[in-house]
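Only one structure is covered here, and it is reproduced in the block below.
The values are calculated or read from the model by the stated rules, or taken from the named source; none is laboratory data. Just so it is clear, the structure is predicted and the values come from calculations on it, not from any experiment. For neighbour counting, all protein chains shown are included, and Cβ atoms are generated from backbone atoms with ideal geometry for every residue, glycine included. All accessible areas refer to the heavy atoms of the entire protein, side chains included, with ligands and DNA or RNA removed. Shrake-Rupley method; radii C 1.70, N 1.55, O 1.52, S 1.80 Å.
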Amino acid sequence: MAQLDIEHEPSNHTVCPDYSSDPYTATCQALISKGFTEQEAIDLLRASWTTEDDAKQERRRAEQEAAKVAQEEAERVAREDAALKAAIAKEEADAAEKELRKKYKGKFLPITVGTPMPERPPIFLPPSILQKLLRGEYLELWYFTDQGYDASAQTIYSAQDQTFTYTRDEDGSLQLVSAASLKTSKTPVLEDEKLDWGDFLTAYGRMIDAMEEAGWPAERITMFGRFWGGLQVHKWARVHDNSGVDRRALLIYQGEQRRIWHLMATRGDSLPDLAVLGGPLLNIARAEAMKKHFLRLPAGRNLDKSFVSLL
């Protein structure tokens, strides 16, 4: 069979077989026997191969395109997965930092550069007592005496062991608080009626300062200032009284009326003016003070003239 020099543009690095060569003589003869010329047989075989090769190349391109799309999709999923993991990690890190800042608040407080220390130190109270003050609830004046301040300082310092526990607030929600803040102070809290007059004068001034820091309404702070100031300048506070009944009566009146006023605040829609001192109620408190004084006298002792004059 004659050798024909027919060139074919290779497709994707594939080369069409030379159907005029000896290996394909039998194939060409089979076509020639059916009426094809030798050149027609070679062209037919070449065309058949080209058609099949084009189909293969098309399938290969489709497979490559599908593989490319699959790879791009896999890369996109991987990027999204990595971004999601990074977001989760950041969220966990932020939550951990937030909890750390909450747990060690003092460590992360911002510093106002150039601001000097306050001339009047802030009011420091144990967390459980401070919460009562922030809620506007009744609080014994004892906490603002020198003895109360010392006891509070010991409680606050002992709370720095950073042992925390969960406790329920009055609304039922859980709060993470210092375990030391829940411990009862070893120093007993005195009722207002049992304070010394000097402690009373010191404590109520400090409590007014604490009310301001705790954000109490101005009109309420003013009312308490008038209330306590009115007791301080009352005639019973100024008279010379060796028995101490007059000032004790004012302390009894102050303690009882302040407790009742705070109790009314939990039940009513409006409140009376505590600064308006009630004469009958003052006399009841004075009778209570005289009774307490009388009970403290030694058995069989005659009442001294100064006490008889009080009756």
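A crude spin-label estimate for the pair E75 and E52, with each label 7 Å from Cα along the Cβ direction, gives 3.6 nm.
A Cβ-based charge dipole, computed about the Cα centre of the range 21-132 with Lys and Arg at +1 and Asp and Glu at -1, lands at about 1680 debye. A simple packing score, the average count of other Cβ atoms within 10 Å per residue, orders the peptides 21-30, 245-254, 201-210, 95-104 as 245-254, 201-210, 21-30, 95-104, with the highest score first. In this simple spin-label model, placing a label point 7 Å from the Cα along the Cα-to-Cβ direction at both Q29 and L263 gives a separation of 12.8 nm. Residue by residue, the range 19-26 carries 3J(HN,Hα) couplings of 6, 8, 7, 4, x, 10, 4, 5 Hz when phi is fed to the Karplus relation 6.51 cos²θ - 1.76 cosθ + 1.60 (θ = phi - 60°); x denotes Gly or Pro.
Cross-link partners for K132 among the aspartates and glutamates, with Cα-Cα distance under 12 Å and sequence neighbours closer than 8 places in the same chain left out: E140, D169, E170.
In terms of solvent-accessible area of protein heavy atoms at a 1.4 angstrom probe, what is the ranking of V15, V77, highest value first? Before the final figure, lay out each step's value.
Working: V15 110, V77 70 Å².
Correct descending sequence by accessible area is V15, V77.
Under 1.5 on a/c is rounded, so check that first for the range 214-287, then, if it is not, pick prolate when a/b is larger than b/c and oblate when it is not; a ≥ b ≥ c are the square roots of the alpha carbon gyration tensor eigenvalues. Prolate, because a/c is 1.5 or more and a/b exceeds b/c.
Ranked by the mean number of other Cβ atoms within 10 Å per residue, highest first, peptides 143-153, 286-296 order as 143-153, 286-296.
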